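The values are calculated or read from the model by the stated rules, or taken from the named source; none is laboratory data. Because the structure is predicted, anything quoted here is derived from the model rather than measured. Positions of Cβ are backbone-derived with ideal geometry, glycine not excepted, and every protein chain shown enters the neighbour counts. Surface accessibility is based on the protein's heavy atoms, side chains included, excluding ligands, DNA and RNA. Shrake-Rupley method; radii C 1.70, N 1.55, O 1.52, S 1.80 Å.
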Amino acid sequence: MSKKISLKNEVDINGQKVNELNLNFDNLTGNDLLVAEETARTLGDKTPAICYSMRYQAIIGAKAANVAIDDIQMLKGNDYLSVIAEVNNFLFG
């Protein structure tokens, strides 16, 4: 499953102006999901069911987009929520 998200607000990622993100969920592995959980927990996430954590979902979105988690977290709210919505579709299909 691959999804292109058009950003309403252009961002700078690795020195390049970006106005869309390509989320490729097909390349994710079980290990990627486990590492995302470990990372979220290390960052203090205490959500009982990690799949409902926005931090966990942002980490998965970053991995799927092949960008740093900080790049996802710096998105404006509406763009951030667009990424989270697609991760939700992937997780809960």
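Run the paramagnetic zone check for Lys17: 7 angstrom along Cα to Cβ, then residues of the stretch 58-93 with backbone nitrogen under 18 Å.
From the stretch 58-93, the list is 75-76.
Show me the ranking of peptides 10-19, 66-75 by mean Cβ neighbours inside 10 Å, starting with the highest.
Going from most to least packed, we get 66-75, 10-19.
Where the eigenvalues come from the Cα gyration tensor of the chain, what are the semi-axes √(5λ) of the equivalent ellipsoid, largest first, in whole Å?
Taking √(5λ) for each eigenvalue gives 21, 14, 12 Å, largest first.
Please tell me the relative contact order of the stretch 1-74 in percent, rounded to the nearest whole number, where contacts are Cα pairs under 8 Å and at least six residues apart.
27 percent
Just to confirm the number: angle between the C-alpha axis of helix 77-92 and the first principal axis of the chain, 0 to 90 degrees, nearest 10?
That helix lies at roughly 50 degrees to the long axis.
Given labels modelled 7 Å from the Cα in the Cβ direction, how far is it in nm from Thr42 to Thr29?
It is 1.7 nm.
Could you report the stretch 1-58's accessible area per residue, 1.4 Å probe, as an integer in Å²?
Ligands and nucleic acids excluded, the result is 66 Å² per residue.
Any lysines with Cα under 25 Å of the Lys4 Cα? List them, leaving off those in the same chain fewer than 8 positions away.
By straight Cα distance, Lys4 reaches Lys17, Lys63, Lys76.
Check cross-link reach from Lys46 to the aspartates and glutamates: straight Cα distance under 17 Å, and skip same-chain residues fewer than eight apart.
Hits, sequence-local ones excluded: Glu37, Glu38.
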